[in-house]
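A.B. asks: Sharing a structure below in structure tokens format, with a few things to ask.
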Amino acid sequence: MTLGRTPSQTVGPYYAIGLSRRPQNALVGRDTPGALELVGRLLDGQGDPISDGVIEIWDAAGGRWGRSGTDVQGGYAFVVAKPDAPDGSAPRLDVYVHARGLLRHQLTRVYIPDEAEANDADPVLSALDERERQTLVARQQGAVLLFDITMQGESATVFFAH
């Protein structure tokens, strides 16, 4: 007897075909006052780039949404406004990672580095040890926020149940 394939058996590197046909990575215009560029890389547990993933971001307070496929170096990029703080938490972007081999997308967060006081008071960040916390706070270089996502291993980004 031969059984049909289940969706988990057909997960493949189809993201670039099905999800990233047109640019969806500008949540605000580059000329918007206070616009920031959020850039990073999607990496596997050995630090190698994942070249066929998709990163989706949501402004946790404002509802703005964007999507970026990853390039051959695992790179992605967004243009965002600095998010507001939702429900007593620190300002952040929620991030969904879609990649080959994942049966379900992964959820993480990007916290803003110049919000030290709010980050210290955030209930999620304050519950993490320093190494884990560092995986969720972007690094700032001028108007650019740098945020690499590592899927597993010793330097893995913290992911959340959803």
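A.B. asks: Rounded to the nearest 500 deg cm²/dmol, what is the calculated helix-only ellipticity per residue at 222 nm for the chain, with -39500 (n - 2.57) per DSSP H run of length n ≥ 4?
C.D. replies: The per-residue figure over the chain is -2000 deg cm²/dmol.
A.B. asks: Also, I was wondering about something else. Please work out which option in (1) 100; (2) 141; (3) 124 gives volume of the Cα convex hull per residue in Å³ calculated from these coordinates, and answer with its label.
C.D. replies: Given (1) 100; (2) 141; (3) 124, the calculated one carries the label (2).
A.B. asks: Using Cα pairs under 8 angstrom and six or more residues apart, how large is the relative contact order of the chain, in percent?
C.D. replies: Reported relative contact order: 24 percent.
A.B. asks: Taking the Cα centre of the range 12-150 as origin, sum charge times position over the Cβ atoms of Lys and Arg (+1) and Asp and Glu (-1), and report the length of that vector in debye to the nearest 20.
C.D. replies: 600 debye
A.B. asks: Right, another one. Which percent, to the nearest 5, of DSSP beta bridges fully inside the chain are antiparallel?
C.D. replies: 80 percent
Here, each number is a calculation from the coordinates, and none is a lab measurement. No experiment lies behind these values; they were computed from the predicted model shown. Glycine gets a Cβ as well: all are built from the backbone with ideal geometry, and neighbour counts include every protein chain shown.
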